[in-house]
Amino acid sequence: MSATGTVRIYVPKDACAIACGADEVAEAIAAAALTRKQPIEIVRNGSRGMLWLEPMIEVVTDEGRIAYGPVEAGDVDGLFAAGFLTGGAHALRIGKPEEHPFLAKQTRLTFARCGIIDPASYADYRAHGGYKGLERALQLGPAEIIEEVKKSGLRGRGGAGFPTAIKWKTVADAKADRKYIVCNADEGDSGTFADRMIMEGDPFELIEGMTIAGIAVGATKGYVYTRSEYPHAIWAMEKAIEVARAHGMLGVNIAGSAYSFDMEVRMGAGAYVCGEETALLDSLEGKRGTVRAKPPLPAHKGLFQKPTVINNVLSLTAVPHILADGGEFYANFGMGRSRGTMPIQIAGNVKFGGLFETAFGITLGELINDIGGGTATGKPVKAAQVGGPLGAYVPTWQFDLPFDYEAFAAKDALIGHGGIVVFDESADLAKMARFAMEFCSVESCGKCTPCRIGSTRGVELMDKIIAGERVEANLATLTDLCQTMKLGSLCALGGFTPYPVLSALNHFPEEFGAPPRRLEAAE
Ligand SMILES: Cc1cc2nc3c(=O)[nH]c(=O)nc-3n(C[C@H](O)[C@H](O)[C@H](O)COP(=O)(O)O)c2cc1C
Ligand code: SF4
């Protein structure tokens, strides 16, 4: 409570919280406070990431912030009656959010401020360590910024895990009159929502990350490419860009330095393939999103044929921390060549779904069973698809797999953008494998034959196998087809579709009417 007796209440403006009724809860709180002549200030924050508790509201009390959730508009009168403004007891009382085990077990670097600050407030961002990374970047200059990112071991969080420093160095070394920073915020993978959450909950962090990238490579213009299904993220980003500009942190001579950088948000029309970096660039140029052949790499000829850094939201939002705390600090977290933290998204049929940021190395079993609490249905877990629609189905007997790019690759699986979709024992893996092929046929950009034709033939083959028609012969043809798609596709949409298909077949052959065996697309 402030000196004036005004109580501050945080009600998330996160899309998930809004979908669960956060706007109605905010209105009900405002109305109830007015009736009681109780001065309050409602701050619309981002989500803390405990999505099963949304809308989770927080009241600032003498003890600190006390959370209640999941709150419905109809609970508000009861909360006032229970004295929630001073942290009173109530069935929905969670206590201090940071002491909740789901949050207490995390290592939050990228998401450190998400759910805590007012996303639209520059002062709040600054008060919580914002722009420290940029300040240091301005002292260091381009070459040393890239050196710091190199030391951190940061790898692209969009899926491929490519070292960020190498990409930046290539663009920095390219000679051109204009260069661009493009943020890939298309977030098309199933079970992923981290990009959206950070854009809604801490948009200045992305602005800071992109600005540092601009200084490092000599780019003066940035674009955030995101999807039309993310109106709240677009609103939050545009608002923050406006505020950053007003504070001299975007535009000409940022923070009074010799560097200039500005940015804007662009909205795609919702094709999965437009998340692929070159299709995204075509879409950004106003064309139909079609995959470009490489070379040339976007780092040499990207947006409007100019050298372009294209990075995922999570790669760019890791950068302010790397600059503020040093690359070595960041590299201290993780295992093997997977350094730092990963914001993991736990979704699907799971009890405690949400955003869990932790160092690489945690096992899949810990994430799904210990942190996620097993399935929401209470039935045994059967498998999890990790890494979006192109990721493998990982069976429970592989749940000791550590979250690490190389460990997953060794099992023909991938981490991708860190999305985990959990399935219980009732899931029909043959249907899921068929869906993977169908998804590829629907979303294919049509540029190359293995993907365009192969995925359609793949669906037909799957239908025959599921119907019990010449199972052995059709499985052999499917294996051959998967090999062709893996080796002959121009991009990972066609090239990785075999992973969910073959993982389902390998781990659950009986669901396809096949004897237990290991099917592998020959390398
Ligand atoms: C079909 C397809 C869809 C993709 N979708 C996304 C996406 O939604 N977001 C993303 O960051 N990367 C996506 N990627 C990966 C990008 O092509 C690219 O690797 C990434 O933007 C590079 O950024 P990073 O190095 O920071 O990961 C996709 C790739 C493919 C083949
Ligand atoms: S693999 Fe599919 S999506 Fe990728 S270029 Fe070929 S046709 Fe297009």
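The values are calculated or read from the model by the stated rules, or taken from the named source; none is laboratory data. Here the structure is a predicted model, which is why all the values come from computation and not from measurement. Reconstructed Cβ throughout: ideal geometry from the backbone, glycine too, with neighbour counts over all protein chains shown. With ligands, DNA and RNA removed, areas are computed over all heavy atoms of the protein, side chains included. Shrake-Rupley method; radii C 1.70, N 1.55, O 1.52, S 1.80 Å.
Scan the range 286-309 for residues that are open to solvent by 40 Å² or more (accessible area, probe 1.4 Å) and either outside any loop (DSSP other than H, G, I, E, B) or of a type outside the set (Gly, Ala, Ser) (or both) and the total you get is 12.
Note on the range 320-365: among residues that are open to solvent by 10 Å² or more (accessible area, probe 1.4 Å) and assigned to a strand (DSSP E or B), the one that is farthest from SER47 (Cα to Cα) is MET335. Look at GLY275 and say whether it is open to solvent by 20 Å² or more (accessible area, probe 1.4 Å) and away from ligand 2 (no atom under 16 Å from the Cβ). For GLY275, the condition - open to solvent by 20 Å² or more (accessible area, probe 1.4 Å) and away from ligand 2 (no atom under 16 Å from the Cβ) - is not met.
Evaluated against (1) within 16 Å of ligand 1 (Cβ to nearest atom); (2) open to solvent by 10 Å² or more (accessible area, probe 1.4 Å); (3) touching a strand residue (DSSP E or B) at 6+ places or on another chain (Cβ under 8 Å), HIS507 falls short on exactly one condition, (1). Mind listing just one residue for me: the one in the range 173-194 that is more than 16 Å from LYS221 (Cβ to Cβ) and in contact with a Pro (Cβ under 7 Å, 6 or more places away or on another chain) and, of those, farthest from ligand 2 (Cβ to nearest atom)? Among those residues, the one meeting the criterion is ALA194.
Look at (1) assigned to a helix (DSSP H, G or I); (2) closer than 18 Å to ALA194 by Cα and you find that LEU281 fails only one, number (2). Of the candidates GLY214, GLY201, GLY133, GLY209, the single residue that is touching a Cys at 6+ places or on another chain (Cβ under 7 Å) and away from ligand 2 (no atom under 16 Å from the Cβ) is GLY201. The single condition among (1) away from ligand 2 (no atom under 14 Å from the Cβ); (2) touching a Cys at 6+ places or on another chain (Cβ under 8 Å); (3) not charged (D, E, K, R) that ALA324 does not meet is (2). Within the range 181-207, residues that are at positive phi and open to solvent by 10 Å² or more (accessible area, probe 1.4 Å) reach partners that are outside any strand (DSSP E or B) and within 16 Å of ligand 2 (Cβ to nearest atom) with beta carbons closer than 8 Å, at six or more positions or on different chains, in the pairs GLU187/GLY275; GLY191/GLY388. For the range 1-86, the helices (runs of 4 or more DSSP H) that sit wholly inside it and include 2 or more residues that are farther than 24 Å from GLU205 by Cβ and open to solvent by 10 Å² or more (accessible area, probe 1.4 Å) are 22-35, 76-81.
Close Cβ contacts (under 6 Å, 6 or more residues apart or on different chains) running from residues in the range 226-247 that are within 26 Å of GLY275 (Cβ to Cβ) to residues that are of a type in the set (D, E, K, R) comprise ARG227/ASP186; TYR230/ARG196; HIS232/GLU200; ALA233/ARG196; ALA233/GLU200; ALA236/GLU200. Note on the range 428-479: residues that are within 25 Å of the chain's Cα centre (by Cα) and within 14 Å of ligand 1 (Cβ to nearest atom) total 8. Scanning the range 294-338 for residues that are of a type in the set (S, T, N, Q) and away from ligand 1 (no atom under 15 Å from the Cβ) returns GLN305, ASN332. Looking across the range 125-159 at every residue that is open to solvent by 10 Å² or more (accessible area, probe 1.4 Å), within 16 Å of ligand 1 (Cβ to nearest atom) and of a type in the set (Lys, Arg), the one that is nearest to PRO203 (Cα to Cα) is identified as ARG155.
Let's see how each residue does on (1) crowded, with 23+ Cβ neighbours inside 10 Å; (2) closer than 18 Å to ASN312 by Cβ:
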{"position": "THR211", "(1), (2)": "yes, yes"}
{"position": "GLY222", "(1), (2)": "yes, yes"}
{"position": "ARG227", "(1), (2)": "no, yes"}
{"position": "HIS232", "(1), (2)": "no, no"}
{"position": "GLU238", "(1), (2)": "no, no"}
{"position": "MET263", "(1), (2)": "yes, yes"}
{"position": "MET267", "(1), (2)": "no, yes"}
{"position": "LEU281", "(1), (2)": "yes, yes"}
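Selection within the range 160-194: residues that are hydroxyl-bearing (Ser, Thr, Tyr) and part of a helix (DSSP H, G or I). The member of this set that is nearest to ligand 1 (Cβ to nearest atom) is THR164. Taken over the range 253-264, residues that are touching a strand residue (DSSP E or B) at 6+ places or on another chain (Cβ under 8 Å), of a type outside the set (Phe, Trp, Tyr) and outside any helix (DSSP H, G or I) amount to 4.
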